[in-house]
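Undergrad: I have a structure here, written as structure tokens, and I will follow up with some questions on it.
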Amino acid sequence: MADSPRFDLELPGCTPEPLMAYLKALGILRLVSEQKDPDARGWWKNDVFWLRSEVLFGDTETDDAKRDALVKFFLEEYKPTPIAVPWSGGDFFAVDWQATPTEFKKTPTSSKAIEAILATQSDRFEPYRRGLRACKGALDKCAIDTKEKMGKQKWAFIRELRSCCDEPRLIEWIDAAAVGTVEKFAALVGSGGGSDGNTHFSDNFMQNLWDVLPDFDAQRDTRVSRDDTACRAGLRTSLLRELTTFRIEKRTSSLFDSGAVGGPNATQGMERESLSNPWDVILALEGTISFAGAATKRLGVNADEGAFPFQVSASVTLEDGLADKERAGTEVWLPHWTRPARSDEVLALLREGRAHCGPRPARTGVDIARAIASLGVDRGIGAFSRYAILKGRVGGENYNTAVSLGRFHVAERAGVDLLREVDPWLDRFRRAAGDKNAPPRFGSALRRIDSAIFDFCKYGGAAFFQTIIVALGAAERELANAERFREAKGLRPLAGLSRAWIETADDGSCEYKIALTLAGVRPEPDRPREQPKIGPLRANLEPVDWQKRCRAWAEKDRSVVWNAAALAANLANVLQRRMMDGARAGCERLPLASRHAAPLDAIAAFLAGDLDDQRIEELIWGLMLIDTRRRHPSRAGMNRIRDRQRADPNPLPREYALLKLLFLPRPLVPERSGESLKWRLAQFRPDPANPQRKRLESGLVIRPEPRILPLLRAGRVGEACRIAAQRLRVSGLAPMPGPLPTGVMRDDNWSEGAMDSRRAQRLAAALLIPVSSKSVNCLVDLVCRGESAAAEALALAAEGKTE
């Protein structure tokens, strides 16, 4: 292979865009391999197709000579594929099957184009003539002689034609256009399986062949004589992108090249006729033969379903510019392979077209993206060009257009397999949102989910995966506020996502840390194996049956307090509601525990208003869908996310440090060396008759003060702090400032600082955010006095001398 570059030729006319240029590359490789050199190879390099052939280029030394050899092959040796569409239109019903050579004053169309093919004498058109006669035989066998009869028996005719046809190349075309067993046409060749609106691809193909090949010279009137030099230049333009003016007016490129269709604003003037290079159309249609359809049985369903290679339902995302109504369109994903491959290898890849999204074949563009990200497509493909086949973009509602949706590079994305967990719920939501009577906000929510999944598969990373969680949370929020819709569609809450989602979405931001901590708030049972008495934080956001692990909707519940207010106000509402529900249910511990803890620097940033509140709220709605008790099967050993607080946290308001000590879900047991509360507690012997001593043995239990939250929400922070200081002193701590020499407490000093109502609201909200035991130690350091004063307070508390 050291000498292989001598046989390589770059084809600048074959590029990934537009669709026509890509299809030309497939057509060239297939035709050269089938008709000249079975060992020819092709590949993509720097967005240009390359061709390698020892037979075709073996006797040449220069690139010019290799180009001339390829041009000569197509002009003199190329045998066209018998592309015919007898099931569409009435062309075949007016054909004179005994046609003799005649002269045409203009390019023949419709039945006359078929007669022109039948009248040829050259060997290169023998397969075409056999294919046309096979169509005639199938028409006679099915007794179809009018367009109306064809309309009633179309699929029966297609099945009959394929079964009785003795021309294999016509069978290849039929397979690329239709799957007769399931009565489905390929979108790549128009909505009619070789026709699009009033455009018949077979008629177009025949006209272009008649215009450029010398085999029809005997049929030309002097007024339409073929200019061999111009035809050769047009072929060189199609293959090599050499400049030429060879174009034919009013000859459409159909859906393959919307820029050549013409119409309004197609040029510098108001309107322009369609212009087309015949060789572009010929080679592009030859390229479509590479995409042969198949009947595949999916997911054990009894009925077969037509599948065309890398052709799926369109996915409407935020970046592709598609409208919601264009979900009915089709996406075509065209692979770019970088290793020289033979035609049979490429055809095997294309005709298999296997892309799996988890255990099932891909059905949408987003599924294809997921398959690529999980290496569900792994055949040495470096990238895909993504196209949408849509109606109404050019030419009217009956015509399709190929719209480029960009490039998608193949790369494995860690975490994409987690999306399988939401597939059952997402499939139901997709069907419900796609209903024509569904409120538009659900279609928008679905588009946001698809966009997030697509972007993560394309770019990867925690930030993009986090966007998926946010989009799912937004959809859940819409359902929570649409009781009638969710009941009519049978939509349940999304719940039970595994803990692996947490690690995959962790971008290290303070917003994520706070949202994760809040989303995991749930009560701890008072005793081992005892069921919680109130629900998790999710029950305060939406009406879910928390006793069924949030997998069902509940009747209207007073626990739901979340509304359209600002984040701080909603968090304060939730805190007050949980305190009330905990007291009503007789919870011994405050229902504010979480499996995760927010670091103090994140809380300081929240209190200062430096964080994105909207992002925190969106993340809470998404992260609450995760069940932290459930582990992903493939990540059973995943470590629990730890508190990532820095050793030197940002300064916190002392008001927060003081108040937070009254809103702890567990007894206070600091673990500081030298001034350990455990050491202090050891100074007191257990006394079963003294309940206070029992409490001190397991740590300080600080009862909350019901008056604090209303005071904070009213902006009376100083008064709330004064009450909190008294409560801490009663509980056994020694809050600062200390007493005067006269013994009078200076708790009123807390009231000297000023705080506006907005900051007071954020302070109340921050009390809901759980912190770690190490963070509690820091808070004690900020507001409590040293060992001697604390020991004195503890002694008083242990002896029952304080209330």
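Undergrad: Whole-Hz ³J(HN,Hα) for each residue in the range 25-30, computed from phi via Karplus 6.51 cos²θ - 1.76 cosθ + 1.60 with θ = phi - 60°, x for glycine and proline: what do you get?
TA: Per-residue couplings from phi come out as 4, 5, x, 4, 4, 5 Hz.
Undergrad: Report P(r) for the range 384-430: all Cα-Cα distances, bin width 5 Å, range 0 to the bin holding the largest distance, values in whole percent.
TA: Final binned percentages: 5, 16, 11, 11, 16, 20, 11, 8, 2.
Undergrad: Going by the alpha-carbon gyration tensor, a ≥ b ≥ c the square roots of its eigenvalues, is the range 77-183 rounded (a/c under 1.5) or, if a/c is not under 1.5, prolate (a/b greater than b/c) versus oblate? Walk me through the numbers before you get to the answer.
TA: Details: a/c = 2.07, a/b = 1.36, b/c = 1.52.
Oblate.
Undergrad: Tell me, what HN-Hα J-couplings in whole Hz come from the Karplus equation 6.51 cos²θ - 1.76 cosθ + 1.60 at θ = phi - 60° for each residue of the range 537-551, using x for Gly and Pro?
TA: After applying 6.51 cos²θ - 1.76 cosθ + 1.60, I find 4, 4, 5, 8, 9, 8, x, 10, 7, 5, 5, 9, 6, 6, 9 Hz.
Undergrad: Now a separate question. Would you mind getting the accessible area per residue of the range 90-182, heavy atoms of the protein chains only, 1.4 Å probe, in Å²?
TA: That works out to 48 Å² for each residue.
Undergrad: Another one. Cross-link list Lys24/Lys45; Lys105/Lys250; Lys184/Lys325; Lys136/Lys250; Lys72/Lys136: which exceed 25 angstrom alpha carbon to alpha carbon?
TA: Those over the limit are Lys136/Lys250; Lys72/Lys136.
Undergrad: Please compute the contact order of the range 335-451 in relative form: average sequence separation of alpha-carbon pairs under 8 Å and at least six residues apart, divided by the residue count, as a percent.
TA: So the answer I get is 20 percent.
Undergrad: With the contact rule set at Cα under 8 Å and sequence spacing of 6 or more, what percent relative contact order holds for the range 1-154?
TA: For the range 1-154, the relative contact order is 18 percent.
Undergrad: Right, another one. Which percent of the accessible heavy-atom area of the range 472-597 goes to carbon and sulfur, probe 1.4 angstrom? Don't jump to the answer; show the numbers that get you there.
TA: Numbers: 2460 of 5490 Å².
Heavy-atom surface of the range 472-597 belonging to carbon and sulfur, 1.4 Å probe: 45 percent.
Undergrad: Okay, next question. Average the reciprocal distances over every distinct pair of alpha-carbons in the range 322-458, invert the result, and give the Kirkwood radius in Å.
TA: It works out to 16.3 Å.
Undergrad: Please report the carbon-and-sulfur percent of the accessible area for the range 41-148; probe 1.4 Å, protein heavy atoms only, DNA, RNA and ligands left out.
TA: 44 percent
Undergrad: Considering all alpha-carbon pairs of the range 29-144, what whole percent are spaced by more than 19 angstrom?
TA: On the way: 3933 of 6670 pairs.
Everything past 19 Å amounts to 59 percent.
Undergrad: Any idea of Cys784's accessible area? Nearest 10 Å², probe 1.4 Å.
TA: For Cys784, the solvent-accessible surface is approximately 20 Å².
Undergrad: Cα-based Rg of the range 522-572 per 2.2 N^0.38 Å, rounded to two decimals? Provide the component values of the computation, followed by the final result.
TA: Values: Rg = 12.4 Å, N = 51, 2.2 N^0.38 = 9.8 Å.
Dividing the Cα Rg of the range 522-572 by 2.2 N^0.38 Å gives 1.26.
Undergrad: Which whole-number percent is the relative contact order of the range 1-49 (Cα, under 8 Å, 6+ apart)?
TA: Taking the mean separation of contacting Cα pairs over the length of the range 1-49, I get 41 percent.
Undergrad: For Ala323 and Ala156 in the same chain, what is the full-extension length gain: residue separation times 0.36 nm, less their Cα-Cα distance, in nm?
TA: 56.6 nm
The values are calculated or read from the model by the stated rules, or taken from the named source; none is laboratory data. Note that the structure is a prediction, hence the values are computed from the model and not measured. Protein only, heavy atoms only, side chains kept; ligands, DNA and RNA dropped before computing areas. Shrake-Rupley method; radii C 1.70, N 1.55, O 1.52, S 1.80 Å.
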